[in-house]
Structure formats: C-alpha cells, structure tokens
1. So what does the Cα-only Debye profile of the chain read at q = 0.11, 0.15, 0.16 Å⁻¹, as log10 I(q)/I(0), no solvent term?
2. Relative contact order (percent) for the stretch 70-196, with alpha-carbon contacts under 8 angstrom and 6 or more residues of separation?
3. Could you rank the peptides 92-102, 72-82 by their average count of other C-beta atoms within 10 Å per residue, with the highest value first?
4. So, counting K/R as plus one and D/E as minus one, what does the shell of residues with Cβ under 15 Å around Asn125 add up to?
5. Can you list the HN-Hα couplings for the stretch 153-162, worked out from phi with the Karplus curve (6.51, -1.76, 1.60; θ = phi - 60°), rounded to whole Hz and with x for Gly and Pro?
6. Post the alpha-carbon centroid distance, the stretch 138-172 to the stretch 93-114, in whole angstrom.
7. In µm²/s, what is D for the stretch 135-205 at 25 °C and 0.890 mPa s, where D = kT/(6 pi eta Rh) by Stokes-Einstein and Rh is the Kirkwood radius from Cα pairs?
8. Return the carbon/sulfur percentage of the accessible area of the chain, one whole number, probe 1.4 Å, all protein chains in place.
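The values are calculated or read from the model by the stated rules, or taken from the named source; none is laboratory data. Everything numeric in this text was worked out from a predicted model, so none of it was measured. Here the Cβ positions follow ideal geometry from the backbone for every residue, glycine too, while neighbour counts run over all protein chains shown. Please note that ligands, DNA and RNA were not included when accessible areas were found on the heavy atoms of the full protein model with its side chains. Shrake-Rupley method; radii C 1.70, N 1.55, O 1.52, S 1.80 Å.
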Amino acid sequence: GVVPCELVSAGRETYIDKEGVEWTPRNTQNDYEVEYTMRGALAYSVNTVSVKLIQEAGVINTIALARKMGITSEMPEVPSIALGASSISLMEMTTAYSCIANEGVAVHPYYIESIRDLEGKEYRNFKPETPPVRALSTETAQLVTRMMQTVVHEGTASRLRWRYGVYNDVAGKTGTTQANADGWFIAMTPQLVIGSWVGADDPRI
C-alpha cells in the first residue's frame, strides 16, 4: 500500500528480537536526518528505511510473499531479513526477481529443458508441470520494476551506465552484506533476468 513517492525518515531506531537482542541498523551514508521517498531509498540502498518498511508490511507477511515468489531457504522472523540476514542461494534470488520481471507471476527454474536425439526426437521434457502462480499484482510488479530502473539510472548501480556504457532497458538491485563479505547484483531486462554474486562459502574469507 506504500506508494513510491511516500516519504520515510532515515532516522536510526533500535529493534529488539524475540530473544531480547537489540539491533540498530546503520546507513553507509550517515544520512539519518534525511527523509527519502521509497523510490529513493531503494535506489541508494538506505538500510534504515528498508527495515522500517518491512516492519510496516510485517515480517511474517514479507516471508509469506518471498515464499510465493520462489524463496525456499530458511528465513528467520526478524526485521534484519530486510538487509539480507537469510542465506539465500543465487538461484532463489534470481527466481524471485524473475517473478517481478514476469509482472508478478512466479516462475519455476529448471536447468535442462529436454533431451533429444540427432533426429530431434524428444526423449524427456524437464519443463516444470507446476502451474504458474500469481504472487504480486501486475501493478505492484510494474511499480517495483520502475523503481529498480532508478537504481540503474541514478542509484547504486548507475556505474552500469556511466562506467560500462550499458544503456539497454535495465532494472536492477545491488546488495552487500556486512564487511562486504558478499556482493550481489540482479539485473532485469524485458526478456532476461541475470543474477550475479561475489563472495565465499565461508564469509570469514
């Protein structure tokens, strides 16, 4: 129900989880006196706004939506999932973004499409038989896609434009975990979703 232009304070807040552990998210820009639109907060990866929005939407509701979009990994019921507290695979992350690119209809990934012989005879079809499921409304998926275009036009992924000269119709989202142990970039074009990850199985490396 939040519109892209709605203003949200970037001020710091302390959250307490079910075990009584306190947690205060920070922003890399130290911009706690600023108000951001939801669109701007997404473009510049403003952590404090992300956590406030997940609190407003509800952590359990957010997890339920993630499940509909294709996330199967364990997700703790804590607001820090807004900043990547869950260990989610690259395939799952790309699958979830494919749902957005597919205007809200979840897709099921598969590696092999079919096996054929030299004459073209098909011996087995591996395409999933699971029917498509609508996880988001078409309007919501389109709004999120437009906001993710801002990430590429002027936000944390703008280097794609000014440094690498990619001027295609691209929406995307960058992501980093604490101490840059992981680096993510998911790119969406009208026909293709690409997920990329840099990191190590052991985050201490």
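1. Reported log10 I(q)/I(0), two decimals: -0.57, -1.04, -1.18.
2. Details: 186 pairs, mean separation 26.0, N = 127.
Relative CO of the stretch 70-196 lands at 20 percent.
3. On the way: 92-102: 22.1, 72-82: 15.5.
My ranking of the peptides, most packed first, is 92-102, 72-82.
4. 0
5. 5, 9, x, 5, 10, 5, 4, 3, 7, 6
6. 19
7. Values: Rh = 13.3 Å.
Estimated via Stokes-Einstein, D reaches 185 µm²/s.
8. Numbers: 6860 of 12970 Å².
The C+S portion of the solvent-accessible surface of the chain is 53 percent.
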